[in-house]
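Below: one structure, written as structure tokens.
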Amino acid sequence: MQINTKFHGTVTIEKEQQWTFPKGLPGFEEEESFVLLPIEGNDFFQVLQSTTTASIAFIVANPYTIVKDYTFKIDDPTMELLNIQEEKEVMVLNVLTIKDPFEASTINLQAPLIFQVNNKKAKQMILNETNHSMRHPIESTVKGEA
């Protein structure tokens, strides 16, 4: 299947690459199908691209490469929606806010993206805890200090 993307032009993806967000994303509830695309020359970041709307794409990263002690509990509604049985079924990514200069960019630790790797379902979960920032600096990671 071919999709138009915000950063990669038109790309061909396989059905197996698609992630289903059964409830969409906050603010984008109608967007339920996404794909993760690489960013050439960058191992830290990826693009979470809508498969239906080219202009909807988010730069995401593994939060554990930026914040070593990042922890949170996946709530019961998310566990049920994604049918999570074991920790090994879960992949976590977080959305970045890209700024100029790039070193000033931040990662949103308050709203992780939870991916169930076996059934390809995902959800953005808003944490009730206030000990995680919506704008955590990524500066040390981009300088290679992570």
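Just so it is clear, none of the values below were taken in a lab; they were calculated from the coordinates. Quick caveat, the model's predicted, so the values are computed rather than measured. Counting neighbours? That spans all protein chains shown, and the Cβs are built from the backbone with ideal geometry, glycine included.
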Query - Unit charges on C-beta of K, R, D, E only; dipole of region 15-146, Debye - result: 40 debye
Query raised in the report: Taking springs between alpha-carbon atoms closer than 10 angstrom, which of ALA57, ALA104, ALA122 fluctuates most in the Gaussian network model of the chain?
Result: ALA104
Query raised in the report: Which of the lysines could a cross-linker span from LYS68 if the Cα-Cα distance has to be under 26 Å and same-chain partners fewer than 8 positions apart are dropped?
Result: LYS88, LYS99, LYS120, LYS121, LYS123, LYS143
Requested in this report: Counting only DSSP beta bridges with both residues in region 2-142, tell me the antiparallel percent, nearest 5.
Outcome: 95 percent
**Report entry** Exposure proxy order (Cβ contacts within 10 Å, fewest to most) of ASP75, ASP43
**Finding:** ASP43, ASP75
Query raised in the report: How much length is gained on full extension from GLU86 to ASN119, taking 0.36 nm per residue of separation minus their Cα-Cα distance?
Result: 10.6 nm
Report task. Hand me the GluC sites (Glu not before Pro) from region 1-84 located in a DSSP loop with no more than 15 other Cβ atoms within 10 Å, in residue order please. Result -> GLU14, GLU29, GLU30, GLU31, GLU40
**Report entry** For region 35-93, alpha-carbon Rg over 2.2 N^0.38 Å
**Finding:** 1.34
**Report entry** Added length on full extension, which subtracts the Cα-Cα distance from 0.36 nm per residue, ALA54 to ARG135
**Finding:** 26.6 nm
Report task. Divide by every residue of the chain the summed helix terms, -39500 (n - 2.57) for each DSSP H run of at least 4, and state the resulting mean residue ellipticity at 222 nm, rounded to the nearest 500 deg cm²/dmol. Result -> -1500 deg cm²/dmol
Report task. For the chain, just the Cα set please: Rg and Dmax, both in angstrom. Result -> 15.0, 41
